[in-house]
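Asker: First the structure, then my questions, so here it is.
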Amino acid sequence: MQKYSFIEHPLLNILKTLDQLIPNVKQAYALFSTIEKELKIIEFKNQKEISIAKKEHLIQKYRKVKRDSNWMSKEMLSFIYENKTTKIQQLSFADENKNNILCLKFISPYDFLYDTLFIELSQSDIFKISKQGKELTIAQKKLIENILYHNLKSRIENEYNNMSTHKLIINSFENQQKELQQSKRTNYNLTKNYEQALDYFLNSITKDFLTKDNLIVNFSSDCKKHIYNLNTDLESIHQSILNAVSLIQNLSLTPKEKIIIEPKNIILDSNKNITTLPTSNIEKHGNVIEMLDRYENAAILALEKGIKVNGTTVANLCVPSITPAAITFNLKKYANVINLLVNKYNHKWNTLKEQFRPLKNVLEDTPNNQQSKIA
């Protein structure tokens, strides 16, 4: 099954394709912290995890050292090469020349220590820098070190940025789905935002096909409308598109370079519940009124419990509970509508208006809110 490259840890991804990037790699290891802050060391040749039992203190000590890159020997890396720790002293030129393991360190966003790629290289014929049969000089090693470090640093940062963007899209999508499932209606703006989030997601899938398979994948207008009206999760939509492309390619006598997906090609898992988006013609902005009522009830409950009215307490006391980030997102998203409603229904949401700073910020930041009128 195809998946985004940034779903895995960037160092693990690089390790899998290291032989395509660097010639004459004898061995390599990736040392990193997972998002759950679990330490792992993965070996290049067999793509297997090696044991770090009773070595965590050595590993964390190494990961704390603030150095982007350098060359080391096996004796200096006892937590990988199962040897006794050698005290590192001032090295001579002869000692430096024996170091054939390139260590590239990159700060981890999960525990803010250094993840490291250890690359054991042949001492000759790397990137055609040294003469045949000659070992690399210290200057040549430094050149290789700088080139690889900056190349991989850029790639890793890009992967983390892609992951952050993806999480933002997923969180936005899931928050909107929760609102749709809890509500009996939707309005024009919410529908458009939902479609825009799906459009962004669909575009990311088509770009992935073009990058990895050199295949142009498009959706007919009817197919997009069909996908908009499916109330299901992103994973199911993604899988149905992958299945559709695979089926179309397999039914063709010759591989296609361009595919247009139609509604009939989108087949979801029959075990999953498929419904259409709810629609209603009741009063405009009804969903925002319902949202403010929920926040108001939660704020009143906070006062009754004798606790401070803030984003965390209101989020926790909402039924069902949500995250403070979701409240901030919703208030900013509907800022103009909220100002209109507050002016129209000036007797409502008094607790929020007096006690809840996120709402007060929205009311203060929107220009001319006192003069706004309901259309």
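Rule-based calculations on the coordinates, nothing more; no lab input. Here the structure is a predicted model, which means the values were calculated and not measured. Because the Cβ atoms are built from the backbone with ideal geometry, glycine has one as well, and the counts that use them run over all protein chains shown.
Asker: Could you go through segment 11-26 in sequence order and give the Karplus-derived ³J(HN,Hα) for each residue, using 6.51 cos²θ - 1.76 cosθ + 1.60 with θ = phi - 60°, rounded to whole Hz, and x for Gly and Pro?
Answerer: Result, rounded to whole Hz: 5, 5, 5, 5, 4, 5, 10, 4, 5, 7, 8, 10, x, 6, 7, 7.
Asker: Further question: Of Ile119, Ile261, how do they rank once you tally other Cβ atoms within 10 Å and put the fewest first?
Answerer: The fewest-first ordering by Cβ neighbours comes to Ile261, Ile119.
Asker: Quick check for me: using +1 on Lys/Arg Cβ and -1 on Asp/Glu Cβ, what's the dipole size of segment 12-81 about its Cα centre, in debye to the nearest 20?
Answerer: Approximately 220 debye in magnitude.
Asker: About the Cα centre of segment 286-371, what is the dipole size in debye to 20, counting +1 per Lys and Arg Cβ and -1 per Asp and Glu Cβ, all else neutral?
Answerer: Computed about the Cα centre, the dipole is about 80 debye.
Asker: Rounded if a/c is under 1.5, else prolate if a/b beats b/c, else oblate: with a ≥ b ≥ c from the C-alpha gyration tensor eigenvalues square-rooted, which is segment 183-265?
Answerer: prolate
Asker: Here is a further query. Under unit Cβ charges (Lys, Arg +1; Asp, Glu -1), what dipole magnitude, rounded to 20 debye, does segment 183-265 have relative to its Cα centre?
Answerer: Dipole size: approximately 260 debye.
Asker: I would also like to ask the following. Skipping prolines and chain starts, which residues have an amide H placed within reach, meaning under 5 Å, of the one on Lys348, given they are 5 or more residues away or on another chain?
Answerer: none
Asker: What aspartates and glutamates does Lys64 reach when the alpha-carbon gap must be under 16 Å and sequence neighbours fewer than 8 apart in one chain are set aside?
Answerer: Glu38, Glu56, Asp111, Asp115
Asker: Another question, then. With unit charges on the beta carbons (Lys and Arg positive, Asp and Glu negative) and the dipole taken about the Cα centre of segment 183-265, which residue among Ile237, Leu215, Ser252 sits farthest to the positive side?
Answerer: Ile237
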